[in-house]
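The values are calculated or read from the model by the stated rules, or taken from the named source; none is laboratory data. Note that the coordinates shown come from a computational prediction; the quantities given were computed from them, not determined experimentally. Here the Cβ is made from the backbone with ideal geometry for all residues, glycine too, and neighbour counts use every protein chain on show. Only protein heavy atoms, including side chains, enter the accessible area calculation; ligands, DNA and RNA are left aside. Shrake-Rupley method; radii C 1.70, N 1.55, O 1.52, S 1.80 Å.
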Amino acid sequence: MGNDALLTELREALGKDAVLTDTDVVDSYSRDMMPLAPSGRPLAVVLPSDVEGVQATVRACAEAGVPIVPRGAGSGLSGAANAIDGCVVLVMTKFDKILEVDPGNRLAVVQPGVVNLDFRNAVEKHGLFYPPDPSSYDWCTIGGNLSTNAGGLCCVKYGVTTDSVLGLEVVLADGSLLKTGRRTVKGVAGYDLTKLFIGSEGTLGVITQATVALRPLPQAPGTLVAGFDHTDKAGEAVARVVREGLVPSLMEIMDASSIKAAEHYLNTDLGAGSDCQALLLCQSDSGGEVAQRELSAIEQICNDCGATMAYATDDLAEGRMLMQARRVVLTALEEYGVWLTDDVSVPRTRIAELIQGCERISREVGLRIAVVGHAGDGNMHPTIVYAPDSEDEFARARKAFDDILEVGLSLGGTVTGEHGVGKIKREWLEREIGPVGIRVHRQIKRALDPDNLFNPGSMFSME
Ligand SMILES: Cc1cc2nc3c(=O)[nH]c(=O)nc-3n(C[C@H](O)[C@H](O)[C@H](O)COP(=O)(O)OP(=O)(O)OC[C@H]3O[C@@H](n4cnc5c(N)ncnc54)[C@H](O)[C@@H]3O)c2cc1C
């Protein structure tokens, strides 16, 4: 089948409004938020609104030999949703319904196009909590979160997306509909196919529905902030919190460069002093005396590790103000140029070494690098700032991006903690998991998608 025949068939099956070919419109769906990643020009953008529409698209594209790149909101930071030339971008945002909230079984059934924040707000009305909270939560979709196994600020206590998923519905490369998982708390029947699809970055199938586990709504959090005049001291405090069995609901770190950018942007002094090299922000959502005890214990650890200041509050508004410093960092960095954020996870005992490695790289490439990160799980986001109109600075930013991954691996870490491999870290995946790991990836891909229909060339190549 030729391209024209494919488009005609898709329009007949899904309706003409669901198949877009206008050049400007199509171009606007060709990239995500990662400036380093290559992208191509799609043949068309298809927006199905039901499972039959997805199945019809998959079958028609398979017959025409036209690849499919599934897409949610396009907020990704790895190029995983970037188009390749001549593909169909399958946009899942019309799958925007919450099909069921079941408080008795503490679960919900949700379509992939629902925005993370809308879903969290909807279950909150039932006194329930959906933990995965990527910082892009006000526009990224549940489907994108599932496909990247997204994390966020609360992972230290509640885990990543996969820890909240019970089952999926997925359209496979032959158009058939696979149902994985269950609605029960326990269940070990068969291979864990649910986990196989989570984090598969649109390379194995199209997720059309998810059954997720919910938790009781946590208490309003208490907040602690602590400043350190050396990153080693902050690193030691994080390691001791872990070692002593404390589980805050959030534990974030900001380096000197992030602190300065946030203070400048907010036009405020965070009270950490001019020699502050690292700020730890912790929260406990355990409520009442338990939260107070947890935060006091963490405060004590920070002081024992040489904090120059430590301050805890159970006032919600004050806590939000303190957290704002962490949340504004990327926006604050835009005052100095455009940012390129990296994503690397290291063992929690080695966070300080990673920050120091970034300081060295910053000096070497002559660019500002600000490190913010989820200290509680070791997932750091060193963010490189460069001038948008300078090819030389872009090249140095690119070098810094790779050098940071090198440091991460040398510290026993991984090349991505939550953003995924996509089209920017394929070689790095190969380095991290080795030839046998890549071979097994290819075998799984071939078994499920023998003609390499879904997102070809993303994550790893088939040769
Ligand atoms: C400012 C900012 C902050 C961020 N903070 C975080 C963070 O804290 N934690 C984090 O994990 N990420 C973060 N991200 C990255 C990004 O938001 C997440 O990866 C998010 O999960 C992507 O969701 P999306 O809907 O935008 O998916 P997209 O970017 O559209 O797609 C992501 C991947 O999912 C696949 N996909 C999407 N929908 C489906 C589907 N239905 N079936 C099969 N495959 C599908 C795509 O093919 C692609 O491989 C951030 C991004 C930005 C811009």
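Name every residue in region 433-448 that is more than 19 Å from Thr416 (Cβ to Cβ), free of Cβ contacts under 8 Å to residues at least 40 places away in the same chain and of a type in the set (A, V, I, L, M, F, W, C), in order of residue number. Result: Val436, Ala447. Within 16 Å of the ligand (Cβ to nearest atom), within 30 Å of Leu193 (Cβ to Cβ) and in a loop (DSSP other than H, G, I, E, B): does that describe Thr211? No, not satisfied. Every residue in region 214-232 that is in a helix (DSSP H, G or I) and open to solvent by less than 50 Å² (accessible area, probe 1.4 Å), please. The answer is Thr231, and nothing else. Filtering region 116-165 to residues that are near the ligand (Cβ under 8 Å from one of its atoms) and over 25 Å from Gly373 (Cβ atoms) leaves only Gly143. Annotation note: Cβ proximity below 7 Å between a residue of region 307-334 that is assigned by TED's automatic domain parsing to the domain that holds Met254 and under 16 Å from Gly287 (Cα atoms) and a residue that is part of a strand (DSSP E or B) and of a type in the set (A, V, I, L, M, F, W, C) (sequence gap 6+ or interchain) occurs for Ala312/Leu224.
Could you tell me whether region 93-115 includes any residue that is open to solvent by 10 Å² or more (accessible area, probe 1.4 Å), in contact with a Cys (Cβ under 8 Å, 6 or more places away or on another chain) and either in a strand (DSSP E or B) or in contact (Cβ under 8 Å) with a residue 40 or more places away in the chain (or both)? Yes - at least one qualifying residue is present in region 93-115. Only one of the numbered conditions (1) within 16 Å of the ligand (Cβ to nearest atom); (2) open to solvent by less than 10 Å² (accessible area, probe 1.4 Å); (3) in contact with an Asp or Glu (Cβ under 7 Å, 6 or more places away or on another chain) is violated by Leu177, and that is (2).
Have a look at Ile438, Ile433, Ile384 and point out the one that is of a type in the set (A, V, I, L, M) and farther than 20 Å from Asp342 by Cα.
Working: Ile433 fails: farther than 20 Å from Asp342 by Cα; Ile384 fails: farther than 20 Å from Asp342 by Cα.
After applying the criteria, what remains is Ile438.
Scanning region 182-198 for residues that are within 15 Å of the ligand (Cβ to nearest atom), open to solvent by 20 Å² or more (accessible area, probe 1.4 Å) and of a type outside the set (A, V, I, L, M, F, W, C) yields one hit, Lys195.
Among the residues here, Gly79 does not qualify as of a type outside the set (Ser, Thr, Tyr) and either open to solvent by 10 Å² or more (accessible area, probe 1.4 Å) or assigned to a helix (DSSP H, G or I) (or both).
Within region 351-386, how many residues are open to solvent by less than 30 Å² (accessible area, probe 1.4 Å) and either out of contact with any Ser or Thr (no Cβ under 6 Å at 6 or more places or on another chain) or aliphatic (A, V, I, L, M) (or both)?
Start the filter on region 351-386 by keeping residues that are open to solvent by less than 30 Å² (accessible area, probe 1.4 Å), which leaves 351-352, 354-355, 357-358, 361-362, 365, 367, 369-376, 378-386.
So of that shortlist, the ones also either out of contact with any Ser or Thr (no Cβ under 6 Å at 6 or more places or on another chain) or aliphatic (A, V, I, L, M) (or both) come out as 351-352, 354-355, 357-358, 361-362, 365, 367, 369-376, 380, 382, 384-386.
Number satisfying all stated conditions: 23.
The residues on offer are Ile369, Ile361, Ile384, and the sole one that is outside the structural domain of Thr223 (by TED's automatic domain parsing), among the hydrophobic types (A, V, I, L, M, F, W, C), modelled with pLDDT of 95 or more and in contact with a Pro (Cβ under 7 Å, 6 or more places away or on another chain) is Ile369. Among residues of region 306-350 being among the polar types (S, T, N, Q) and part of a strand (DSSP E or B), the one that is surrounded by the most Cβ atoms within 10 Å (Cβ to Cβ) is Ser345. Of the residues contained in region 290-307, none is found to be of a type outside the set (Ser, Thr, Tyr), within 24 Å of the chain's Cα centre (by Cα) and within 24 Å of Cys155 (Cβ to Cβ).
Taking Phe119 as the residue in question, decide whether it is part of a loop (DSSP other than H, G, I, E, B) and among the aromatic types (Phe, Trp, Tyr).
Details: part of a loop (DSSP other than H, G, I, E, B): no; among the aromatic types (Phe, Trp, Tyr): yes.
The answer is no for Phe119.
Taken over region 233-272, the criterion of being surrounded by 18 or more Cβ atoms within 10 Å (Cβ to Cβ), farther than 17 Å from Ser284 by Cβ and of a type in the set (Gly, Ala, Ser) is satisfied by Ala234, Gly235, Ala239, Ala256, Ser257, Ser258, Ala261, Ala262, Ala272.
Tell me yes or no: at least one residue of region 153-161 is outside the structural domain of Gln356 (by TED's automatic domain parsing) and in contact with a helix residue (DSSP H, G or I) (Cβ under 6 Å, 6 or more places away or on another chain). The answer is yes; a qualifying residue exists. Give the residue that is nearest to the ligand (Cβ to nearest atom), with candidates limited to residues of region 36-55 that are of a type in the set (Gly, Ala, Ser) and buried (at least 20 other Cβ atoms within 10 Å of the Cβ). The qualifying residue nearest to the ligand (Cβ to nearest atom) is Ala37. Residue count for region 395-452 satisfying the condition of being assigned to a loop (DSSP other than H, G, I, E, B) and either at positive phi or modelled with pLDDT under 95 (or both): 4.
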